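Some notes on the structure that comes next.
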Amino acid sequence: MLKIKDLVVTVEGKTILNGLNLEVKPGEVHAIMGPNGSGKSTLANVISGKDGYEVVSGSITYQGKDIMEMDVEERAREGIFMGFQYPVEIPGVSMNNFMRTAIDEIRKYKNQEPFTAAQFLKFMKDKKELVGLHDSLAGRSVNEGFSGGEKKKNEIFQMAMLEPKLSILDETDSGLDIDALKIVANGVNTLKSDDNATVVITHYQRLLDYIIPDYVHVLYDGKIVKSGDKTLAYELEEKGYEWLKD
Amino acid sequence: MEANDKKQNQDKVLNEVANSDYKYGFVTNVDSDTIPKGLNEDVIRLISQKKNEPQWLLDYRLDAYHKFMNMPQPDWAHLEIPPIDLQNIVYYSAPKTKPDKESLDEVDPELLDTFNKLGIPLEEQKALSGVAVDAVFDSVSVKTTFQDTLEEKGIIFCSFSEAVQNHPELVRQHLGSVVPPDDNYFAALNSAVFSDGSFCYIPKGVKSPVELSTYFRINAANTGQFERTLIVAEDDSYVSYLEGCTAPQRDENQLHAAIVEIVANKGAEVKYSTVQNWYPGNKEGKGGIYNFVTKRGLAKGANSKISWTQVETGSSITWKYPSCILMGDNSIGEFYSVAVTNNYQQADTGSKMIHIGKNTKSTIISKGISAGYSQNSYRGLVKMTGKAENGRNFSQCDSLLLGDKCGAHTWPYINTFNESSIVEHEATTSKISDDQLFYCQQRGLDEEQSINLIVNGYAKEVLNKLPMEFAVEAQKLLSISLEGSVG
């Protein structure tokens, strides 16, 4: 589904990712761990197509296509979803309206009939229940006045709504109390299927108590220095990242 | 995307703005009765004569004209106004039609077609929407719908000219009572040469069952439009009034200097909504309407309320400050505004709230949106006189910038002569952030849609104040006005 080969990325001339390789297949959950500044968020941003990152060499293919040729929205419509570490507020735009607009676009892109108002409301209601989101949040403006936990839950709700093939959750666990963490983890687990894949970016092992990854990768100085199964996460928790340095 | 690509993309999109058409730019071919260009006493006499006006009205016009001749054009606004040659303007142009129009069948089909193109199908309006429409084409009112229904309630809603003929005493009593002829330069000009407009009278205790609507259209070349609207709401009455405007696309500038006067007596409420979409000029700033308008409401009686809502997207230059004089105790004034400028448009707009009565309250919510090379200013005055005990004002002026070549300015003036009054002012200036755009695009919206969504959200507080059908139109208009202007 996602293949990253020898990826080198610079930001304002500074090399952030330096020969990164990663392959994600449908049905898999990958965890990417690493200390601050190791390039985790850069990886998420480059995959989703944010401005300001220069791909110097290497390639990213998604479903066999070179995504460097695709706009941000095209990647999104093709099924790439990013859960933001710091979701922005959009005053005056209700979550309902926001999701309606997004889903209309994605359905149009896929040559599907638009939802009727009734279909949409039903769809949204089901997804809200699935991820345990309160009604009141959906009626409010996008992320405006949401607590940190609410914002993250809202990211998972959007993930449920947009039904992506590849979800990249950038530090979705940061700033969450244990209850919110469970809700987020539960959402991810519920949405998991044989057709989609999730990449969880985190620097705590804590989230991985609730989301069991098939693979754990350690990102250090812009490349993946070690990969393993979930036991690697426990090892990191115990020893920190220092022992991987050499 | 690299910085260079982004720049190129922005340029590309900015080019697209240039090519986005002003939808209402067509010209209607009707025979017109047009008087020669120029401004002088004879022209004023001619206008008055064509309209078969009583002597007092001609005197009113001539008095205004003499005052006007001694007034300089104001230059305090943050506007670059090219010299206006008043002698090169036609002050009266009317489509040739039969004098008395008993039904729509007698209105020139070309004209009806025009209003249909503008989305104002008078016949349908009449039958379906429950909105009474007065359509002003160049200098004269073409047809007022729904009159019978209104008459049952005792509501008078007709063209200004008809009001002069049929209700001279009402017109004479109120004309100029809120905006005197020498109020300002453009008001004086209007008072001298105004050609038509709408008149509305709501009797005591009557709540208008329909929204009243006026539609202004400038068609003829080199013609100025100087319409006048007078709304009188007697005790405990209510009316919601809508105003829309468009003009053909022409290379030369055209002058529009209108006056709206509102009188609200005891317990009366008048809600006045405008969607202003005069031709804004092309991408280089060529052509477009100069929109120099005086709008003022007098909340004369106790517990009266006047509410202005405006969505300003058109005109090459806008100079406009819908205001309220809060004379009655406990009277309320409101001003809700969204002003959009793009390309080389300039707007200097805002409100004045003059508190005179006790416990008077006013609210000003202004949302400016600037794009392209435009300049967008909020200018407002809140005045608490010595008598305005416990007067209360809240003002919020927000500016949103798209791109880095436009300007947003805020000039709030506060004069308080009263210790018990409270005046609050909040102002913000923001840009659409790259993070907001990225967030929307990551959810599958393209850049244009993202901007539309964010801008509409920003303006929502004001758009919500508009009557339903108007709000939908206003939302579309915002999207069209900002097409391609990338932040």
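The values are calculated or read from the model by the stated rules, or taken from the named source; none is laboratory data. Just so we're clear, the structure is a prediction, and the values are computed from it rather than from any experiment. Note that each Cβ is placed from the backbone with ideal geometry, even for glycine, and that neighbours are counted across all protein chains shown. Areas reflect the complete protein model, heavy atoms only, side chains present, ligands, DNA and RNA absent. Shrake-Rupley method; radii C 1.70, N 1.55, O 1.52, S 1.80 Å.
How about region A:88-104: which of its residues are surrounded by fewer than 21 Cβ atoms within 10 Å (Cβ to Cβ), closer than 15 Å to residue A:157 by Cβ and within 8 Å of another protein chain (Cβ to nearest Cβ)? Matches in region A:88-104: A:97 only. Here residue A:146 meets the list (1) more than 18 Å from residue B:443 (Cα to Cα); (2) among the aromatic types (Phe, Trp, Tyr); (3) open to solvent by less than 10 Å² (accessible area, probe 1.4 Å) almost entirely, failing just condition (3). Residues in region A:48-55 include none that are polar (S, T, N, Q) and open to solvent by 10 Å² or more (accessible area, probe 1.4 Å). Listed by position, the strands (runs of 3 or more DSSP E) enclosed by region B:223-340 that each have at least 1 residues that are under 13 Å from the mean Cα position of the chain (by Cα) and within 25 Å of residue B:400 (Cβ to Cβ) are B:238-246, B:269-276, B:288-299, B:305-312, B:317-320, B:323-326. Please work out if residue B:393 is more than 9 Å from chain A (Cβ to nearest Cβ), under 28 Å from residue B:272 (Cβ atoms) and not in a loop (DSSP other than H, G, I, E, B). Judged against the criteria, residue B:393 is a match. Does residue A:25 fit the bill of being within 14 Å of another protein chain (Cβ to nearest Cβ) and either in contact with a Phe, Trp or Tyr (Cβ under 7 Å, 6 or more places away or on another chain) or in contact (Cβ under 8 Å) with a residue 24 or more places away in the chain (or both)? The answer is no for residue A:25. The condition of being surrounded by fewer than 17 Cβ atoms within 10 Å (Cβ to Cβ) and out of contact with any Asp or Glu (no Cβ under 8 Å at 6 or more places or on another chain) holds for residue A:174. Checked against (1) touching an Asp or Glu at 6+ places or on another chain (Cβ under 7 Å); (2) at the interface with chain B (Cβ under 9 Å from one of its Cβ atoms); (3) buried (at least 19 other Cβ atoms within 10 Å of the Cβ), residue A:83 meets all criteria but (2). Taking the criterion of being among the aliphatic types (A, V, I, L, M), open to solvent by less than 10 Å² (accessible area, probe 1.4 Å) and in contact with a Lys or Arg (Cβ under 9 Å, 6 or more places away or on another chain), the residues of region A:155-165 that qualify are A:160, A:161.
For region A:105-122, a residue qualifies if it is open to solvent by less than 40 Å² (accessible area, probe 1.4 Å) and more than 8 Å from chain B (Cβ to nearest Cβ), and the qualifying residues are A:115, A:120.
Quick grid of which residues meet (1) more than 18 Å from residue A:236 (Cα to Cα); (2) open to solvent by 10 Å² or more (accessible area, probe 1.4 Å); (3) touching a Phe, Trp or Tyr at 6+ places or on another chain (Cβ under 8 Å):
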residue	(1), (2), (3)
A:178	yes, yes, no
A:186	yes, yes, yes
A:190	yes, yes, no
A:198	yes, no, no
A:204	no, yes, no
